[in-house]
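The values are calculated or read from the model by the stated rules, or taken from the named source; none is laboratory data. Fair warning: this is a prediction, and the values are worked out from it, not measured in the lab. A quick note on method: Cβ atoms are made from the backbone with ideal geometry, for glycine too, and the neighbour counts reach across all protein chains shown.
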Amino acid sequence: FTPKTLQGKRVLITAGPTFEPIDPVRGITNLSSGKMGYAIAQAAFEAGATVELISGPTALDTPYGCQRYQVQTAQQMHDAVFAHLTNQDIFIAVAAVADWHVSNASDQKLKKNHAGDLPQLSFAQNPDILAEVAASKHAPFCVGFAAESENLIEYGAQKRLKKNVPLLVGNIAQNTLGQDQNELLLFDAQGHTALAPSDKTSLARQLITEIAARL
Ligand code: C5P
């Protein structure tokens, strides 16, 4: 039995990695599986919310009851988020969004040549989706994630302030990407608290309860 703590609420979630093309058959991505974001989407639906999930490429099924929109690049994720932002109550940015895209991606497959010339990739910065949503007019309640490999307590608190969000969820990104177990710390204006270490389904439910209590 799940308490309907988000009954009547609208929740927008990003999840998964992004994929930034180099050419039509190659690209740059990361190890995010999407499991945490999908588990949060499922938990929000169970709690009574209407859930829209903007997802990068993953191997996961659409969480039951949720509406999923699939994207590849950070720019597409940004555009899909803003296309669905009106009247959302909560925005949860779980996606591992690429910081950069290849600005000179090729329309044709890059070819090896006899001289052994190497491809020269150039990069351009991607939009910070969470920071933009948090700064937007009528911003929903925004929740960010921070995967850090060290100094989680210090970096988590800093990131919450930098992104200007009321709640930031930190996890130690060492052997957690793609795993079912996870450990989460919540940072808010009061400080930080830990969620009981558990599987992603249970953590997602705990997180939804914490978000509902802060609305
Ligand atoms: O700055 P950093 O990538 O560490 O911040 C992570 C948080 O910001 C996550 O919630 C992630 O989904 C969000 N983010 C975003 N757009 C970006 C980069 C990160 O929404 N371009």
> On the given criteria, is residue 5 surrounded by fewer than 21 Cβ atoms within 10 Å (Cβ to Cβ), away from the ligand (no atom under 15 Å from the Cβ) and under 14 Å from residue 208 (Cβ atoms)?
Replying inline: yes
>> Restricting to the stretch 80-128, and then to whatever is closer than 20 Å to residue 145 by Cα and among the acidic types (Asp, Glu), can you tell me which residue is nearest to the ligand (Cβ to nearest atom)?
In response: 128
> So is residue 59 away from the ligand (no atom under 14 Å from the Cβ) and within 16 Å of the chain's Cα centre (by Cα) or not?
Replying inline: yes
> List the pairs whose first member sits in the stretch 118-142 and is modelled with pLDDT of 95 or more, whose second member is away from the ligand (no atom under 12 Å from the Cβ) and polar (S, T, N, Q), and whose Cβ atoms are under 7 Å apart, counting only residues at least 6 apart or on separate chains?
Replying inline: 121/104; 122/103; 122/104; 123/103; 124/103; 140/88
> Taking strands (runs of 3 or more DSSP E) that do not extend beyond the stretch 34-125, which have at least 1 residues that are buried (at least 23 other Cβ atoms within 10 Å of the Cβ)?
Replying inline: 50-55, 90-93
>> Looking at the structure I just gave you, is residue 64 touching a helix residue (DSSP H, G or I) at 6+ places or on another chain (Cβ under 6 Å) and aromatic (Phe, Trp, Tyr)?
In response: no
>> I'd like to know if the stretch 50-61 contains one or more residues that are free of Cβ contacts under 8 Å to residues at least 40 places away in the same chain and closer than 19 Å to residue 163 by Cα.
In response: no
> Would it be correct to say that residue 168 is within 8 Å of the ligand (Cβ to nearest atom), closer than 16 Å to residue 95 by Cβ, in contact with a Leu (Cβ under 8 Å, 6 or more places away or on another chain) and outside any loop (DSSP other than H, G, I, E, B)?
Replying inline: yes
